[in-house]
Amino acid sequence: MNNQARLLDLARAAATRAYAPYSKFRVGAAVLSSAGNFYSGCNVENISFPVGSCAEENALAAMVCGGDTGIAEILVYAEGKTLISPCGACRQRIAEFATKKTLIHLADVTGIRKTLTINELLPHSFAEF
Ligand code: THU
């Protein structure tokens, strides 16, 4: 199985485990780190709505906890009519660990439908200070 098929599998599986009783919108994210390890995460909602977390956020937290700080590829998956794209906060989170070469895949039930770079997803981002 190639890397993208594995990312899709992991993100799909993560989405099935999403805790989304309020929005009913299940999201899965999977990361292939620059070190060659795979991680995944799902969205976890809360009855206090702003406390909920995104799938990308949790996949990146798993990556950092696993000891990796670079993203080679990340895939975001949700079932639905419109293709999901990371929220603004998650774009910034991805930017923290991305390089110019990082591939950001957007996927739905039919598979990967779009692949972007961080520069396309978050141009003119806040970086150095
Ligand atoms: N969500 C994600 O997990 N990732 C995104 O990129 C956008 C939105 C989640 C948050 C919430 O649990 C649900 O999707 C509906 O917004």
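The values are calculated or read from the model by the stated rules, or taken from the named source; none is laboratory data. From a predicted model like this one, the values you see are computed outputs, not experimental measurements. FYI the Cβ positions are ideal-geometry reconstructions off the backbone, even for glycines, and counts take in every protein chain you see. Each accessible area value is taken on the protein alone, full model and side chains, heavy atoms only, with ligands, DNA and RNA left out. Shrake-Rupley method; radii C 1.70, N 1.55, O 1.52, S 1.80 Å.
Below, the figures for the structure above:
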item	result
Qualifying residue in the range 64-83 (condition: basic (K, R) and farther than 25 Å from T16 by Cα)	no
T117 vs. criteria surrounded by fewer than 13 Cβ atoms within 10 Å (Cβ to Cβ) and among the polar types (S, T, N, Q)	no
Residue in the range 5-27 that is within 8 Å of the ligand (Cβ to nearest atom), open to solvent by 30 Å² or more (accessible area, probe 1.4 Å), part of a strand (DSSP E or B) and on the phi < 0 side of the Ramachandran plot present	no
Top-ranked residue in the range 69-86 [being in contact with a helix residue (DSSP H, G or I) (Cβ under 8 Å, 6 or more places away or on another chain) and without any contact (Cβ under 8 Å) to a residue 40 or more places away in the chain; ranked as nearest to N2 (Cα to Cα)]	G70
Cross-chain or 6+ apart pairs with Cβ under 8 Å, the range 95-109 first and exposed (fewer than 13 other Cβ atoms within 10 Å of the Cβ), then in a loop (DSSP other than H, G, I, E, B)	T99/S34; T99/G70; K100/T117; K101/T117; V109/E79
Residue check for A30: surrounded by 18 or more Cβ atoms within 10 Å (Cβ to Cβ), assigned to a helix (DSSP H, G or I) and touching a strand residue (DSSP E or B) at 6+ places or on another chain (Cβ under 6 Å)	no
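Quick grid of which residues meet (1) open to solvent by 20 Å² or more (accessible area, probe 1.4 Å); (2) part of a loop (DSSP other than H, G, I, E, B); (3) basic (K, R):
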site	(1), (2), (3)
S40	yes, no, no
N46	yes, yes, no
P50	yes, no, no
E57	yes, no, no
G67	yes, yes, no
A72	yes, no, no
Y77	no, no, no
L83	yes, yes, no
C90	no, no, no
